[in-house]
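Take a look at the structure set out below.
The values are calculated or read from the model by the stated rules, or taken from the named source; none is laboratory data. In this text, all values refer to a predicted model and were calculated from it rather than measured experimentally. Note that each Cβ is placed from the backbone with ideal geometry, even for glycine, and that neighbours are counted across all protein chains shown.
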Amino acid sequence: MNFYINGEEPAIKGKVCRGFYLIQHQEGESITDQANVAFFKFDGHWIKLHFDDEIIFWRGSESPSEPVNDRLSTCLVLLNLCEFKGVIGHRLNDIEYGSEEEHVWAKLEFSSGQTLLFKHHAHDDYTTVNC
């Protein structure tokens with residue numbers, strides 16, 4: 001599987017991360033999409049990272065807000081990670097991209113040594129994040 005970047009990678013390498021949120025998709029008591037959208041704040045501006053099929057999207061964004069849901073059986077939830085150790089208050093050193101048979105990924109490496117690996121499973125349409 002190949003990957004494609006839609007939008008320009010933001011000029012955030014070397015900048016300090018000041019905010020981090022995830023929007024997760026839940027069905028019943030299960031998290032079915034751990035990182036549907038990731039939001040980061042650098043230099044006072046919010047950006048979002050998300051995936052669709054083999055496409056990696058970067059976009060500017062407003063401050064993340066709580067999603068509005070109309071049922072309990074399936075919903076989107078905003079997860080505030082603004083105290084996440086190793087990410088908040090640390091410089092972003094590098095961003096790498098890649099793909100394997102059934103997924104594409106983006107890896108963010110911070111000056112603390114912390115790494116966030118976002119892996120989108122294209123055929124099942126969900127994204128995981130590993131630290």
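Checking the stated criteria, Glu109 turns out to be in contact with a strand residue (DSSP E or B) (Cβ under 6 Å, 6 or more places away or on another chain) and either within 20 Å of Lys15 (Cβ to Cβ) or not in a strand (DSSP E or B) (or both).
What are the residues in the stretch 58-69 that are among the small types (Gly, Ala, Ser) and outside any strand (DSSP E or B), if any? Passing the criteria: Ser63, Ser65. The set of residues from the stretch 70-106 being assigned to a strand (DSSP E or B) and among the hydrophobic types (A, V, I, L, M, F, W, C) comprises Cys75, Leu76, Val77, Leu78, Leu79, Leu92, Ile95, Val104, Trp105, Ala106. Would you point out the residue of the stretch 1-39, among those that are in contact (Cβ under 8 Å) with a residue 60 or more places away in the chain and among the aromatic types (Phe, Trp, Tyr), that is farthest from Leu81 (Cα to Cα)? Here the answer is Phe3.
Output the residues belonging to the stretch 48-71 that are touching a residue at least 24 places away in the same chain (Cβ under 8 Å), aliphatic (A, V, I, L, M) and surrounded by fewer than 19 Cβ atoms within 10 Å (Cβ to Cβ). Across the stretch 48-71, the qualifying residue is only Ile55. The requirement of being within 23 Å of Asn6 (Cβ to Cβ) and at pLDDT 95 or above is fulfilled nowhere in the stretch 79-89; no residue meets it.
Of all the numbered requirements in (1) free of Cβ contacts under 8 Å to residues at least 24 places away in the same chain; (2) of a type outside the set (Gly, Ala, Ser); (3) under 15 Å from Val16 (Cβ atoms), Lys107 misses one, and that requirement is (3). For the stretch 2-45, the set of residues classified as among the basic types (Lys, Arg) and either part of a strand (DSSP E or B) or within 16 Å of Glu62 (Cβ to Cβ) (or both) consists of Arg18, Lys41, listed by residue number.
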